[in-house]
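Undergrad: Please see the structure below; I have some questions.
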Amino acid sequence: MKPHPLSIHRIVLIRLVPVWLLLSLFLGLAAYWVESMRVDRDVFGLASEAARQFNPAAEKALLDGDLSAHTGALKALLHEDQFAGIRLYDKNQKPLFAVWGRPDPGLEAIMRGEPQRFPAAGTHQDVIVRTDGRMVVRALVALKDPAQRSFGYFEGIYVVPPHTVERIQARVRDALLMILFVTTLTTVTLYPVIVALNRDTLRLTSNLLDSIAELMRVLGSAIAKRDSDTDSHNYRVALYSIRLAEALGRPAHEIAALIAGAFLHDVGKIGIPDTILLKADKLTAEEYEVMKTHVTLGEAIIEESKWLARARDVVACHHEHFDGSGYPRGLQGEAIPFNARLFNVVDVFDALTSERPYKGAMPLAEALATMRGKHAGQFDPVILAAFEQIAATNLAYYGAAEGPRLKANLAASIHLYFPA
């Protein structure tokens, strides 16, 4: 079966979209960080430039020691759209003086609550505070006298003008949009290239999986025909298993393993002598013990293949009973793998409702009554109850179907669930 074009596109998209998202996120965060650093640098530059206007007046006020005499001069330097206020400290970082260009109790309270880290002599520190939709810079400058001795600190509370904030936000937004555009364009450009490169690989993979599935089906059919004149039993139990697993909402990978197990459940019979396997009469106790070894033989056979080993649960445990009376390990309840418990139900159902050389086909109602009664301890009651809901429909559709129709139905299911 060649991969459908849509399946190729789906596979490529599943692989490509996460890469696009991660790349967009990574580059977007990187761009945001770079732009944030640029924003900080630009804003600090604006604040530092404005602070230089205040430093001479602040230095004079501190050196004179009469701060009140300089209030008017300092306040005159404040601009409504730039510095909202200034504060002066002595060399011991003790607040001496504060003046605000206009009343702003909210901003004053926020600035008082912000921790301060005073810079070393001759240096400055700038901190951006974002609050109430505003961008505020606290500029702290260590002041020096002509002898290069520290004598105090100047603090300017600079409110970045709204139009500047808008310009900064627009720059950051444009950078992020450009990153998104570039990554999207790159992804769209690479998409057809990746599809083309993957088409041959996917075709070869699909062909390989088809070959493996066909080999599995042929092997199962060959084993079935050793002790029967038909392989229809294998087809039916596989289809019953799939429909029951779907009704129970089992995941695709479990259903794929179930299909493999249904085909290969009796693969160990290849090691059973014909004198026992094909014996028409009832087996003796010793012969029955030999027959039971087909389970462990089958388990050993499939473990030689990593791919076929997915069938192990069914091969190794399809004769285990829910009440612990089965073989070879005598497992009980949920200690039996789920797929084996499920397969046990459909395997017995098909045996009861199928015509064999030594018996006729049992009607639906009688078969279900037998499973609920005589064989009740053999089955998981939850799985059996679920199967009873779909048994009539499945028996009507598959029970009397000929081999080609069963094979066609099963082929469709194999392509649906492999390579899950």
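Undergrad: Suppose we keep only residues that are among the hydroxyl-bearing types (S, T, Y) and without any contact (Cβ under 8 Å) to a residue 12 or more places away in the chain within region 273-307. Which one would you say is surrounded by the fewest Cβ atoms within 10 Å (Cβ to Cβ)?
TA: T275
Undergrad: Another question about this same structure. Taking region 357-377 as the region of interest, how many residues are part of a loop (DSSP other than H, G, I, E, B) and either at positive phi or among the small types (G, A, S) (or both)?
TA: 3
Undergrad: Hey, another quick one. Search region 338-353 for residues being surrounded by fewer than 20 Cβ atoms within 10 Å (Cβ to Cβ) and more than 15 Å from E388 (Cα to Cα), and hand back the single one that is modelled with the highest pLDDT.
TA: F338
Undergrad: Looking at I270, I242, I259, can you tell me which residue is assigned to a helix (DSSP H, G or I), aliphatic (A, V, I, L, M), in contact (Cβ under 8 Å) with a residue 24 or more places away in the chain and surrounded by fewer than 19 Cβ atoms within 10 Å (Cβ to Cβ)?
TA: When all the criteria are applied, what remains is I270.
Undergrad: Additional query: Step by step: first the residues of region 308-322, then only those that are out of contact with any Phe, Trp or Tyr (no Cβ under 8 Å at 6 or more places or on another chain) and of a type in the set (A, V, I, L, M, F, W, C), then the one that is surrounded by the most Cβ atoms within 10 Å (Cβ to Cβ). Which residue is that?
TA: Here the answer is V315.
Undergrad: Please verify whether region 323-331 includes one or more residues that are at positive phi and either surrounded by 13 or more Cβ atoms within 10 Å (Cβ to Cβ) or not in a helix (DSSP H, G or I) (or both).
TA: Yes, region 323-331 contains at least one residue that is at positive phi and either surrounded by 13 or more Cβ atoms within 10 Å (Cβ to Cβ) or not in a helix (DSSP H, G or I) (or both).
Undergrad: Please pick out the residue among R341, R310 that is of a type in the set (K, R), assigned to a helix (DSSP H, G or I) and under 13 Å from A257 (Cβ atoms).
TA: Only one candidate qualifies: R310.
Undergrad: Within 20 Å of F343 (Cβ to Cβ) and modelled with pLDDT of 85 or more - does that describe any residue in region 279-292?
TA: Yes: one or more hits.
Undergrad: Also, I was wondering about something else. How many residues are crowded, with 19+ Cβ neighbours inside 10 Å and of a type in the set (S, T, N, Q) if we restrict to region 372-393?
TA: Looking only at that region, the number is 1.
Undergrad: Here's another thing I want to ask about it. Is it the case that region 357-371 has a residue that's surrounded by 15 or more Cβ atoms within 10 Å (Cβ to Cβ) and under 41 Å from the mean Cα position of the chain (by Cα)?
TA: Within region 357-371, not a single residue is surrounded by 15 or more Cβ atoms within 10 Å (Cβ to Cβ) and under 41 Å from the mean Cα position of the chain (by Cα).
The values are calculated or read from the model by the stated rules, or taken from the named source; none is laboratory data. Since the model is a prediction, treat every value here as computed from it, not as a measurement. As a convention, Cβ positions derive from the backbone with ideal geometry for all residues, glycine included, and neighbour counts pool all protein chains shown.
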